[in-house]
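Undergrad: Have a look at this one before I ask anything.
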Amino acid sequence: MEPYLPMLRRTQLFRGVGEADLSAMLNCLQAHARAYKKGAYVFRQGERLDCILILARGGLHIRLDDYWGRSSIISRIGPGEMFGEAYAAPDSGPLSNDVVAVEDSTVLFFELRKLLTVCSSACRFHSMVIQNLVFAISEKNRALVQKLHHISQRTTREKLISYLSEEAKRQNSGEFTIPFNRQQLADFLSVDRSAMSSELGKMRDEGLLRFEKNRFTLL
């Protein structure tokens with residue numbers, strides 16, 4: 001796990017923990033890494049989760065497929081981001097979504113029971129990590145509320161405006177890159193791809209924005 005120490009120190013979960021203390025904590029938490037090829041399932045709907053996970057490299061989609069195989073992207077996980085915290089409660093039940101690698105990826109696993117319990121060796125920073133976990137869960141909830149705001153808009157254009165406006169504010173620029181291709185963006189916003197592409201073309205012709213692939217400029 002030593003190669004991942006610099007990256008882990010920048011994550012929300014281990015914020016404030018020194019490198020030497022973090023190295024000791026990783027042994028305490030029985031941390032380990034697993035690699036996944038693009039397209040591989042990290043977890044499938046119905047599996048049970050007993051770990052908190054951090055993506056070390058690559059990209060993941062948390063995805064929900066319906067009975068007919070239609071996909072909705074719940075969220076995208078980028079390097080350094082945590083996931084699995086929604087199933088931290090003992091009675092949270094099995095996973096309701098799939099987790100799929102959209103790039104070659106490496107995922108770090110941390111045993112949940114050991115993370116939530118201050119260990120016998122009394123790691124100095126263990127309580128800080130538990131506090132960081134609570135803050136991270138709160139931030140994830142805020143992001144889900146924001147997504148609900150996007151997809152609750154009535155029309156495809158309103159959904160696009162809501163999402164692109166939020167990305168511009170988040171990246172503090174009217175020119176920005178989004179983490180989705182066209183199909184993924186349609187799945188994220190729960191709209192038809194053809195209808196979305198047509199609406200983007202109309203918005204461009206009306207002088208509201210410019211775009212090239214996943215690069216957007218709001219005018």
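Undergrad: Along its three principal axes, how long is region 1-77 when you only count alpha carbons? Whole Å, largest extent first please.
TA: Taking max minus min along each principal axis of the Cα atoms, region 1-77 gives 50, 21, 21 Å.
Undergrad: Over every pair of different alpha-carbon atoms in the chain, take the mean of 1/r and invert it; report that Kirkwood radius in Å. Can you show the working numbers first?
TA: Details: mean 1/r = 0.0527 Å⁻¹.
For the chain, the Kirkwood estimate is 19.0 Å.
Undergrad: For the residue pair residue 166 and residue 23, what label-to-label distance in nm results when each label sits 7 Å from Cα along the Cα-to-beta-carbon direction?
TA: 4.1 nm
Undergrad: Magnitude of the Cβ-charge dipole of region 171-219, K/R +1 and D/E -1, about the Cα centre, nearest 20 debye? Can you show the working numbers first?
TA: Working: 7 positive and 7 negative charges, 27 e Å.
In debye, rounded to 20, region 171-219 gives about 120.
Undergrad: Treating the beta-carbon of each Lys and Arg as +1 and of each Asp and Glu as -1, no other charges, what is the dipole magnitude of the chain about its Cα centre, to the nearest 20 debye? Intermediate results must be reported in sequence, preceding the final value.
TA: Working: 30 positive and 25 negative charges, 53 e Å.
Roughly 260 debye, rounded to the nearest 20.
Undergrad: Also: For residue 12 and residue 208, calculate 0.36 nm times their separation in residues minus their Cα-Cα distance, and state this gained length in nm to one decimal. Walk me through the numbers before you get to the answer.
TA: Details: separation 196, 0.36 × 196 = 70.56 nm, distance 3.56 nm.
Between residue 12 and residue 208, full extension yields an extra 67.0 nm.
Undergrad: Follow-up question, since we're still on this one. Using the reciprocal of the averaged 1/r over all distinct C-alpha pairs, how large is the Kirkwood radius of region 103-208 in Å? Could the numbers behind the result be given before it?
TA: Details: mean 1/r = 0.0588 Å⁻¹.
Computed over region 103-208, the radius equals 17.0 Å.
Undergrad: Please list, or write none, the lysines whose alpha carbon is within less than 30 Å of the alpha carbon of residue 159, excluding same-chain residues fewer than 8 places away.
TA: Hits, sequence-local ones excluded: 38, 140, 147, 169, 202, 213.
Undergrad: Report the normalised scattering of region 17-124 as log10 I(q)/I(0) at q = 0.09, 0.18, 0.24 Å⁻¹, calculated by the Debye formula with identical scatterers on the alpha carbons.
TA: -0.26, -0.92, -1.36
Undergrad: Angle, helix 156-170 long axis vs. longest principal axis of the chain, Cα atoms, 0 to 90°, nearest 10?
TA: 50 degrees
Undergrad: Can you compute the charge dipole magnitude of region 46-120 about its Cα centre, using +1 on each Lys and Arg Cβ and -1 on each Asp and Glu Cβ, nothing else charged? Give it in debye, rounded to the nearest 20. Can you show the working numbers first?
TA: Values: 7 positive and 11 negative charges, 24 e Å.
Value, rounded to 20: 120 debye.
Undergrad: Then there is this: How tilted is helix 126-151 with respect to the longest principal axis of the chain? Cα atoms for both, answer in degrees (0 to 90, nearest 10).
TA: Orientation of helix 126-151: about 10 degrees from the principal axis.
Undergrad: Suppose only helical runs count, i.e. DSSP H with n ≥ 4. What mean residue ellipticity at 222 nm does that imply for the chain under -39500 (n - 2.57) per run, divided by all residues and rounded to the nearest 500 deg cm²/dmol? Spell out each step's value before the answer.
TA: Working: 7 runs with 82 residues, N = 219.
Computed mean residue ellipticity for the chain: -11500 deg cm²/dmol.
Values in this text are rule-based calculations from the coordinates and carry no lab data. Owing to the predicted nature of the structure, the values given are computational and were not obtained by experimental measurement. All Cβ positions, glycine included, derive from the backbone under ideal geometry; neighbour counts span all protein chains shown.
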